[in-house]
Structure formats: C-alpha cells, structure tokens
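Here's the structure we're looking at; comments come further down.
Each value in this text was obtained by applying a stated rule to the coordinates, not by laboratory testing. Only a predicted model underlies this, so the values are computations on that prediction, with no experimental measurement involved. As a convention, Cβ positions derive from the backbone with ideal geometry for all residues, glycine included, and neighbour counts pool all protein chains shown.
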Amino acid sequence: MLLVDGEPVTSSSALSGSSRTGSSGRELVAALMGNPGLCAASERLRATPERRISSGPEGPRNVYVFQREYATVDPARVELVGTDEMTTCVGVIIRNNKTGMISISHMDFPKIVEGGFKQMLELLGADNAPFDVHLIGAFDDSSTKIEFITCWVVHSSGGKRNKQEGYSHPLCCKIVEVLHKYEQQFHLRSFCVLGNNTMTDSYGNARPIVGGFVMQTSSGVVTPASFEMASRCPDEIVRRIRVSVSSYDPNWKAKLLETYDTHADIFQIAPTRWMPDWAEIAFSLNELSDSEVLLQCSTSPAAEPPHFVETDRRKWKYLMENPDWEDTFPKYSPRVFHRTNDGSWSRQS
C-alpha cells in the first residue's frame, strides 16, 4: 500500500484516510501528481545542486546500477547507492528504516516491474513499519516526435508506444499500481517524475531535470547526481550489453538483472546469452550516422546525454569482437569482481 504523509493513497485524494483496492495506475499517478507535499518534495530535489560522483581512494564506497539492473546494499558496507542516465526510465529506491537496508533499481519497461519488485524486496526483510520509497526520473515525453523504436539491440523490449502517451507514463502507472497492491506499506517520499521532472530546452525539446541521483545509505537522504565513468563500478560494457540481449534470454523474462552480492560486497554480474547474429546486427547499426543512431536507438533522442552515441558504438564493437556469449560468460557463469583496498574493482572469475 502506498502512503503519503502517513496516509493511504486513493485515486480521488492523495491524503485520504482510507485506501481503495483496485485503483488503477493512471488514477494513482494523477492523484500523486497533484499532491502538494510530493510537489514540494520534487521542487526541493530539483533545486538541490547535483553531486558529481568520482572513483578512487578518496571517493565514497558506492554501488551503481545501470538500466534494468537492481542491487540491495547494506549501509555498513556501502556509503552511496545510485544511478543516472535516466530519461524515460524510473529510478526506484526502497529503504527499510529499521535495518537501513536499501534496494535500488533502474526500471525501463512495465513488463519487468512486478517481478522486479519481488526481487528488490527479497533481502529487505518483513516489517510492520512502512518502507521509504523514492521514484525519480521518467520526464514527460508524451509530446515526443518518435512514435516507435527500430533499434532492437538497444531497446529490444520497448516496442511500439502511443505518441500521446510516451514511454514514461505507462511505466510510472505500472510502478505505483504494483506498489499499491502490496500488503507492505510504502511511504512515498519522492515522486519526481513526469511533469514534476520536465523542462524545455532552448530548442523546445522536453528534457528531464533530474537524470540521476544517489542516496546516502546512513541517512537515507537523496541528492541529484551524475557519475564519472569509472565510478559506475566494474564491467561497464558487458553490463550495458546485458540490457539489450537479456530480453532474448528466457532466464531474464520479466526480471531485473542481478549485479551485486550484498552479503559478500562483490559485484557478481549474472550471465546472459546472445545469438551469433548479434555481431552482424551490431555491424549494421555501427554503420549509421550519429543522428541516425539517436533517432533509431533511443526512446528520447533529444534528451540523451552527450556520450549516448559513443557508448552505443562501444557496445557494438564489443559484440562484433565477441559474437559468442560463452567467451564472456563461460559455462553460463557470472563475472565476479572484488573491491580492492584502493576502492577499485578486481575481477576474480
């Protein structure tokens, strides 16, 4: 059940004293978007200076999740947890205030929401007290000029989307609908999405205001953030590739990708398979111009960060050089990285 300011949320009022089972996600989103307390919280978050996260001995011990990944962290081991590069995706944080345990995900498509929340909640424990929840990202892309995405290597599960609806709104609706159905209470602290997280640039394009964030694990405070490449933790390209190819691996159907073992404080990049023809597809995509890459491979071409195209080309180069998935995940085993004394990561297997 979703709570705002300690009160159950209903479709008719975000401050009602009773819940109504069966409320649709659309009705819930409409109620939450109009809630004064959540609007004020979004305003405070947008006004907070963005924090730049760096790596190295002086950097904080952090865990970062890429698109469609999740991780559960223990505040005794990790100082910061976060994600960035969000346009039409939603960053989700759930915190058990009694234990301090935190689960974070970067959700990109409605079909992974229900299974994803089951994964996120598994290590948080059962508790009668409400868990804090923050939902951030997913700007209002309903006016986008791109009606569907043809680049299935990048957005393989994106599919066709109604122009007036965009990608962000259906995802937000599914997230709040699933959370509201749980017996566990979730106190919604941030709802910085859609119209609460949208600006217009000098060219008239809608863009997200907050595209990344971190949570201080000891306090639960959330701050806008961006990450240097090395601070996104180990195995960047392989983890990015998993987002594309995982949709064709039945082991990851309707699930978030596993990436971090909280008990051992290691990154354990769960394996996935891809067909040999991915190399041919990657070669074809790499022949596109930069503008064509943006138009065909993004749900929000006008809102992507400057490194979007260059990152896609690095993924395609890897697939061309590694057409056989077993070279990356021998015997379908995970890639394991341990944290070193200087804060970097060393691959063990």
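Quick notes on this one:
- Correct option for mean projected area of the Cα convex hull in nm² [calculated from the coordinates] among [x] 15.9; [y] 16.8; [z] 17.8: [y]
- For a modelled paramagnetic label at Ser284, 7 Å from Cα along Cα-to-Cβ, no residue of the stretch 316-336 is in reach, as no backbone nitrogen comes under 12 Å.
- Note: the stretch 193-244, Cα convex hull, 148 Å³ per residue.
- Exposed-loop-free span, longest in the chain, where trypsin sites (Lys or Arg not before Pro) count as exposed if DSSP calls them loop and at most 15 other C-beta atoms lie within 10 Å: 254-349
- Burial ordering of Ile269, Ile209, fewest other beta-carbon atoms within 10 Å first: Ile209, Ile269
- Relative to the current alpha-carbon distance between Cys39 and Arg52, full extension at 0.36 nm per residue lengthens the span by 2.2 nm.
- Summarising the strand pairing of the chain, around 70 percent of its internal DSSP beta bridges are antiparallel.
- With only the Cα atoms considered, the stretch 13-131 has a convex hull volume of 147 Å³ per residue.
- Residues whose placed amide H lies under 5 Å from that of Glu69, excluding near-sequence neighbours: His106, Leu257
- Compactness relative to 2.2 N^0.38 Å, alpha carbon Rg of the stretch 224-313: 1.24
- Of Lys118/Lys174; Lys111/Lys317; Lys98/Lys118; Lys118/Lys315; Lys181/Lys255; Lys253/Lys331, pairs whose Cα-Cα distance is over 22 Å: Lys111/Lys317; Lys118/Lys315
- Just so you know, the averaged projected area of the alpha carbon convex hull for the stretch 163-260 sits at 9.7 nm².
- By the beta-carbon count within 10 Å of each Cβ, the least crowded to most crowded order of Cys39, Cys297, fewest first, is Cys39, Cys297.
- The slack in the chain from Tyr318 to Asp201, taken as 0.36 nm per residue of separation less the alpha-carbon distance, amounts to 38.7 nm.
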